[in-house]
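Written below as structure tokens is the structure these notes are about.
No value in this document is a laboratory result; all are computed from the given coordinates. Keep in mind that what you see is a predicted model, and the values were worked out from it rather than measured. Reconstructed Cβ throughout: ideal geometry from the backbone, glycine too, with neighbour counts over all protein chains shown.
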Amino acid sequence: MVLKIRQVGDPVLRQKARPLSRDEILDRSIQELIESMRETMHDAPGVGLAAPQIGYSLQLLVIEDQAEFIQKLPAEQVAERERRPVPFHVLINPKLTLLKSEPAEFFEGCLSLAGFTAVVPRAKRVRVEGLNEKAEPVIIDATGWYARILQHEIDHLGGVLYVDRMNSRTFFSQDNYVRHWKDRSIVEVTGYDK
Ligand code: ZN
């Protein structure tokens with residue numbers, strides 16, 4: 001079932017989500033919620049979705065960066081963002097560790113801030129420990145765009161949105177981003193008319 005994605009200003013997006021117990025994870029209601037999150041993410045379409053975005057204050061998220069999304073992008077953009085396909089997976093009760101302190105700066109968006117984008121600095125490399133949909137422990141070492149997706153989605157579980165981390169001079173409507181900025185370097189955009 002495709003669920004409605006909550007938009008910024010909805011209090012659930014600012015709550016700290018609670019962890020799930022092993023029994024809860026294995027329960028049919030959570031398994032069905034995971035399936036609905038997968039369908040909602042595909043429908044949007046997006047590369048990640050956290051439970052608070054569909055109104056559930058739970059430490060649960062889904063990620064998938066499909067090869068067909070990446071194929072449509074210019075090769076240069078794919079290379080500089082280190083974007084590679086990521087198969088569908090579920091992450092529960094994640095603990096994030098930032099491994100490379102020098103950040104990467106790129107535009108990102110959020111399904112809960114529809115129509116907007118901004119430059120957000122993110123760690124280039126992270127490690128995440130958590131559980132999968134079978135309540136089994138998983139450890140993920142991620143770099144590049146996948147590391148960014150993980151940081152963005154795990155932020156949602158703490159009630160944090162990209163607007164809390166963005167360069168605020170680069171907060172643009174998607175339309176104006178395409179019209180004025182998309183072919184400029186990040187240095188040009190962040191330093192514009194300073
Ligand atoms: Zn988001």
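Miscellaneous remarks
- Loop trypsin sites (Lys or Arg not before Pro), segment 39-89 (other Cβ atoms within 10 Å of the site Cβ: 13 or fewer; DSSP): LYS72
- Which of PRO137, PHE69, PRO85, positive extreme of dipole for segment 62-138 (C-beta unit charges): PRO137
- Qualifying trypsin sites (Lys or Arg not before Pro) in segment 8-60, DSSP loop, other Cβ atoms within 10 Å at most 12: LYS16
- Candidates GLN53, GLN151, GLN31: whichever shows maximal mean-square fluctuation once the chain is modelled as a Gaussian network with Cα springs under 10 Å: GLN31
- Counted over segment 1-160, the DSSP beta bridges are approximately 95% antiparallel.
- Helix axis angle, 28-43 relative to the chain longest principal axis, alpha carbon, degrees: 20 degrees
- Helix 144-157 axis, angle to the chain major axis (alpha carbon atoms, nearest 10°): 60 degrees
- Shape descriptor for the chain: Rg over Rh equals 0.96 (Cα atoms; Rh from the Kirkwood inverse mean 1/r).
- Rounded to the nearest 20 debye, the dipole size of segment 25-107 about its Cα centre is 200 debye, using +1 on the Cβ of Lys and Arg and -1 on the Cβ of Asp and Glu.
- Computed about its Cα centre, the charge dipole of segment 1-145 is approximately 400 debye, with only Lys, Arg, Asp and Glu carrying charge at their Cβ.
- Under a 5 Å amide H cut-off, with hydrogens placed 1.01 Å from N, PHE116 pairs with CYS110, GLN174 among residues at least 5 apart or on other chains.
- Lysines with Cα under 25 Å of LYS95, excluding same-chain neighbours fewer than 8 positions away: LYS16, LYS124, LYS134
- Residue by residue, segment 101-110 carries 3J(HN,Hα) couplings of 6, 5, x, 9, 10, 8, 5, 9, x, 8 Hz when phi is fed to the Karplus relation 6.51 cos²θ - 1.76 cosθ + 1.60 (θ = phi - 60°); x denotes Gly or Pro.
- Cross-link partners of LYS194 among lysines (Cα-Cα below 20 Å; sequence separation of 8 or more within a chain): LYS182
- Shown in residue order for segment 68-77 are the 3J(HN,Hα) couplings computed by the Karplus curve 6.51 cos²θ - 1.76 cosθ + 1.60 at θ = phi - 60°: 5, 5, 5, 4, 7, 8, x, 4, 4, 5 Hz (x for Gly and Pro).
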